[in-house]
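Nothing in this text is a laboratory measurement; each read-out follows from the coordinates by a stated rule. Small disclaimer: the values here were computed from a predicted structure and weren't measured. Neighbour counts are summed over all protein chains in view; Cβ atoms, including those assigned to glycine, are modelled from backbone coordinates with ideal geometry.
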Amino acid sequence: TDPGAARPFGDLPIRPELAGEHPYGAPQLDVPVLLNVNENPYAPSAEVIATIAAEVSRAAATLNRYPDREFTALRDDLRAYLALESGACLDELAVWAANGSNEVMLHLLQAFGGPGRTALSFAPTYSMYPEYARDTHTRWVTARRETDFTVDPARAAAGIAEHRPSVILLASPNNPTGTALPLSTVEAVLAAASQADPDTPAVVVVDEAYAEFRRAGTPSAVGLLAGHPNLAVTRTMSKAFAAAGARVGYLAAGPQLVDALRVVRLPYHLSAITQAVARAALRHRETLLAQVDTLRAERDALVAWLREQRAPDGRALDVPDSDANFVLFGTFADRHAVWQGLLDRGVLIRETGPDGWLRVSVGTPEENAAFRDALTHVIEETK
Ligand code: PMP
């Protein structure tokens, strides 16, 4: 290490692999149009707020006690929702939850990763994955996605055979590309994991944070859980349920996999308030999910519009199909200039993904119109 380099942690005995690290997170700026972190743009309705307030008030009366450590009622509600949404039978399966699917994922790495072990994913993908690996001392490797961001089953199998991971992370729909995987790819990964290690196949995690936004004909991997004790499908209430602020993520898997997560969780990790808010939001499932249809229609319109645009240098924009509530588009010779130009016009999007690409979250029709208007101007000005 360069002795002249900044030492942001002073003389503290920080773990060497954390020495140059920054905390994860996109800028939280106060601008009119926020389309940068794939939030749901619709704030809870008065009716939803009233239910949440009543349930929180009930929970407040018990705050001298620790919450239900096993959050049994919330698990039952999540299981019922997931069975309904995916159409799969979850009778033999277990459900787990934590403070965002971020924490669910950390539990997975704590239980199944660790020193001397490897987590494998397919780049470009969610940029928090390497952090879970780092924080659990798990070796992090990526195989690559194809140029259209699909995962080639043969390349995936070769990567699994080469790296022999104990955890495989498959985001579908993937962030930042928006692309979902066909179930045949998930099945091929499960088969490759069994082939690489027939006795203890890797845990295959399908991260379905954006599942509710998928287009018709894209099935959820929840249907594959029966018969695959090493498969876990994670979900979140942050996106479709418009409850990012509540911090609730969950997964479905076989009971043994969930028992392993119970070993590594902190006791009482889901507060009584969190459990109350999540259950109240689930009661308003129909109202909250009705907005998903609007967002999907807006997303499809945004994809179509972006495909008609040209970068400042005249090349047509490339826009992968999106099954999520955001759209990746590019490429730009100077993506930072485009990002900054949009910000100067009050529209915050995300400078992420492979070189030259930008990602925009789907907002309300008004916000999407503001984005289209700003992008048209920025492209014109940077020609
Ligand atoms: N997985 C993916 C692919 C994501 O994009 C995100 C959020 N950006 C998460 C998981 C985590 O979401 P949360 O912790 O809010 O559930």
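Pop out the ³J(HN,Hα) list for the range 35-40 in order, Karplus 6.51 cos²θ - 1.76 cosθ + 1.60 with θ = phi - 60°, rounded to Hz; leave Gly and Pro as x.
Karplus values, whole Hz, x for Gly and Pro: 10, 10, 10, 6, 6, 7.
Would you mind telling me the antiparallel percentage of the DSSP bridges in the range 203-309, rounded to 5? Could you put the intermediate results ahead of the total?
Working: 5 of 9 bridges.
Restricted to the range 203-309, the bridges split so that about 55 percent are antiparallel.
Over the range 46-284, what is the relative contact order in percent, taking alpha-carbon pairs closer than 8 angstrom and at least six residues apart?
Relative contact order, the range 46-284: 28 percent.
By the gyration tensor of its Cα atoms, with a ≥ b ≥ c the square roots of the eigenvalues, what is the shape of the range 46-284: rounded for a/c under 1.5, prolate for a/b over b/c, or oblate?
Working: a/c = 1.96, a/b = 1.61, b/c = 1.22.
It comes out prolate by the Cα gyration axes.
Skipping prolines and chain starts, which residues have an amide H placed within reach, meaning under 5 Å, of the one on Asn38, given they are 5 or more residues away or on another chain?
Ser361
With θ set to phi - 60°, apply the Karplus curve 6.51 cos²θ - 1.76 cosθ + 1.60 along the range 125-142 and write out the HN-Hα couplings as whole Hz, x wherever there is a Gly or Pro.
Each residue of the range 125-142 in turn: 8, 4, 6, 7, 3, x, 6, 4, 5, 4, 6, 10, 6, 9, 5, 10, 10, 10 Hz.
Work out the charge dipole of the chain with +1 on the Cβ of Lys and Arg and -1 on the Cβ of Asp and Glu about the Cα centre, then indicate which of Leu289, Pro267, Leu93 is farthest towards its positive end.
Pro267
What value in Å³ per residue do you get for the convex hull of the alpha-carbon atoms in the range 195-295?
Per-residue hull volume (Cα only) is 128 Å³.
Kindly rank 232-242, 352-362, 217-227 from highest to lowest mean number of other beta carbons found within 10 Å of each residue. Could you put the intermediate results ahead of the total?
Numbers: 232-242: 25.5, 352-362: 20.8, 217-227: 18.1.
Result, highest mean first: 232-242, 352-362, 217-227.
Taking amide H atoms as placed 1.01 Å from N in the peptide plane, list the residues 5 or more away in sequence, or in a different chain, whose amide H sits under 5 Å from that of Asp207.
HN-HN under 5 Å from Asp207: Leu170, Ala171, Ser172, Thr234.
Looking at the square roots a ≥ b ≥ c of the eigenvalues of the Cα gyration tensor of the range 271-383, which shape do they give, rounded for a/c under 1.5, prolate if a/b is larger than b/c, or oblate?
It is prolate, given that a/c is not under 1.5 and a/b is the larger ratio.
Taking 0.36 nm per residue of separation and subtracting the Cα-Cα distance, what length does fully extending Thr294 through Arg155 add?
Taking 0.36 nm per residue and subtracting the Cα distance, the gain is 46.4 nm.
For the chain, what is the mean residue ellipticity at 222 nm derived from helices alone (per DSSP H run of n ≥ 4: -39500 (n - 2.57); sum divided by total residues; nearest 500 deg cm²/dmol)?
Per the formula, -12000 deg cm²/dmol.
Could you compute the net charge surrounding Glu55? Neighbours are other residues with a C-beta less than 9 Å from the C-beta of Glu55; K and R count +1, D and E count -1.
Charge balance near Glu55 sits at +3.
So what's the range 1-146 giving for Rg/Rh, alpha carbon basis, Kirkwood Rh from the mean inverse pair distance?
Result for the range 1-146 is an Rg/Rh of 1.03.
Run the numbers for Arg262 and Leu29: contour at 0.36 nm per residue of separation, minus the present Cα-Cα distance, in nm. The partial results should precede the final answer.
On the way: separation 233, 0.36 × 233 = 83.88 nm, distance 3.68 nm.
Between Arg262 and Leu29, full extension yields an extra 80.2 nm.
Can you give the extra length, in nm with one decimal, that the chain gains between Arg65 and Arg285 once fully stretched, where that is 0.36 nm per residue apart less the Cα-Cα distance?
The Arg65-Arg285 span can extend by a further 76.3 nm.
Whole-Hz Karplus ³J(HN,Hα) for the range 308-319, in order, using 6.51 cos²θ - 1.76 cosθ + 1.60 and θ = phi - 60°, x for Gly and Pro?
Whole-Hz 3J(HN,Hα) from phi for the range 308-319: 8, 8, 10, 5, x, 8, x, 6, 5, 6, 9, 9.
Using the per-residue mean of other Cβ atoms lying within 10 Å as a proxy for protection, in what order, highest first, do the peptides 66-77, 133-144 fall? Show your work: numbers first, answer last.
Details: 66-77: 15.9, 133-144: 17.9.
Per-residue Cβ counts within 10 Å, averaged per peptide and sorted highest first, yield 133-144, 66-77.
Once you place label points 7 Å from the Cα toward the Cβ at Ile49 and Thr382, how far apart are they in nm?
Inter-label distance under the simple model: 3.8 nm.
Can you give me the relative contact order of the range 223-320 as a percent, contacts being Cα pairs under 8 Å and 6 or more apart?
Working: 76 pairs, mean separation 20.4, N = 98.
The normalised contact order for the range 223-320 reaches 21 percent.
Which translational diffusion coefficient, to the nearest whole µm²/s, is obtained for the range 147-220 from the Stokes-Einstein equation, given a Kirkwood hydrodynamic radius over C-alpha pairs, 20 °C and 1.002 mPa s?
168 µm²/s
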